[in-house]
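J.: One structure, as C-alpha cells, below. Some questions next.
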Amino acid sequence: MTLMPGEEAVRDDVQRHSRGYYAGLAVMGLFYVGAGANHFVHQEFYIPVMPPYIPEPKAMIAISGVAEILGGIGVLVPDGFVFARTRAAAAWGLVALLICVSPVHINMCLHPVQHAAIPVWALWLRLALQLPLIGWAWSYTRR
C-alpha cells in the first residue's frame, strides 16, 4: 500500500462506525454515569423501593450505582485503551445489570401501594423501559 504524504495507514481490523453509533455511545455513557451518581446523591429515594428480600439495601444501592458508573465510563472508553473490546465488555455489564435490577421494578409494580408517591403508570413505564434499555446496551456488544 502506497501512502501519500500526510496519509495514515488504517488498520484493516478497525471497523468504522457512523456518527449516530458514537452519539448513542456518548448518550448511553453519560446516562449511566449520571444514573449511577444519582444512587449516591439521592440514596433516600432508592431505599424504599428495594424489595424486602434483598439483603443490605444500602450496599446494593451503592454496588448498582458503582456498576452503572463503571458501565457508563466503559462504553465511553475506546476499544483497545483498556481491553481489546472495552466497549463490548462494558455493554455486556450494563445488560447484566439491567437484568439484575429488574426484580426491583417488578416488585414496585406488584406493590404500588408501597410506592404511593410514584404514579402507577410511572412504575409500569419504568418496568417497560427495561427492555429497550437492555436492547440498547446489547446493540453495543457487537462490533
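J.: Give me the angle, in degrees from 0 to 90, between the Cα long axis of helix 86-110 and the longest principal axis of the Cα atoms of the chain, rounded to the nearest 10.
T.: Between the helix axis and the principal axis of the chain, the angle is about 20 degrees.
J.: Can you bin every Cα-Cα distance in region 47-94 into 10 Å intervals starting at zero and give me the percent of pairs per bin, rounded to whole numbers?
T.: Binned Cα distances yield the sequence 28, 36, 23, 13, 0.
J.: When the chain is treated as a GNM, springs tying every alpha-carbon pair under 10 Å, which of Val95, Val104, Val41 comes out with the largest mean-square fluctuation?
T.: Val41
J.: How far, in degrees from 0 to 90, does helix 57-76 lean away from the longest principal axis of the Cα atoms of the chain, to the nearest 10?
T.: 20
J.: Have a look at Ala96, Ala62, Ala117 and tell me which one the Gaussian network model of the chain (Cα, springs below 10 Å) gives the largest fluctuation.
T.: Ala117
J.: Follow-up question, since we're still on this one. How many angstrom lie between the Cα centre of region 118-137 and the Cα centre of region 61-76?
T.: Distance between centres, Cα-based: 19 Å.
J.: For the chain, what is the relative contact order in percent, using Cα pairs closer than 8 Å and at least 6 residues apart in sequence?
T.: So the answer I get is 23 percent.
J.: How tilted is helix 120-139 with respect to the longest principal axis of the chain? Cα atoms for both, answer in degrees (0 to 90, nearest 10).
T.: The answer is roughly 20 degrees.
J.: Binning at 10 angstrom from zero up to the longest distance, how are the C-alpha pair distances of the chain distributed in percent?
T.: With a bin width of 10 Å, the distribution comes to 11, 35, 29, 14, 6, 3, 1, 0.
J.: Most fluctuating residue of Ala90, Ala35, Ala116 in a GNM of the chain with Cα springs under 10 Å: which is it?
T.: Looking only at Ala90, Ala35, Ala116, the biggest GNM fluctuation is shown by Ala116.
J.: While we're looking at this one, here's another question. Return the calculated 222 nm mean residue ellipticity for the chain, to the nearest 500 deg cm²/dmol, obtained by summing -39500 (n - 2.57) across DSSP H runs with n ≥ 4 and dividing by the residue count.
T.: Working: 5 runs with 92 residues, N = 143.
It lands at -22000 deg cm²/dmol.
Read-outs: derived from the displayed coordinates by stated rules, not from any lab. What you see is a predicted model, and the numbers here were worked out from it, not measured in a lab.
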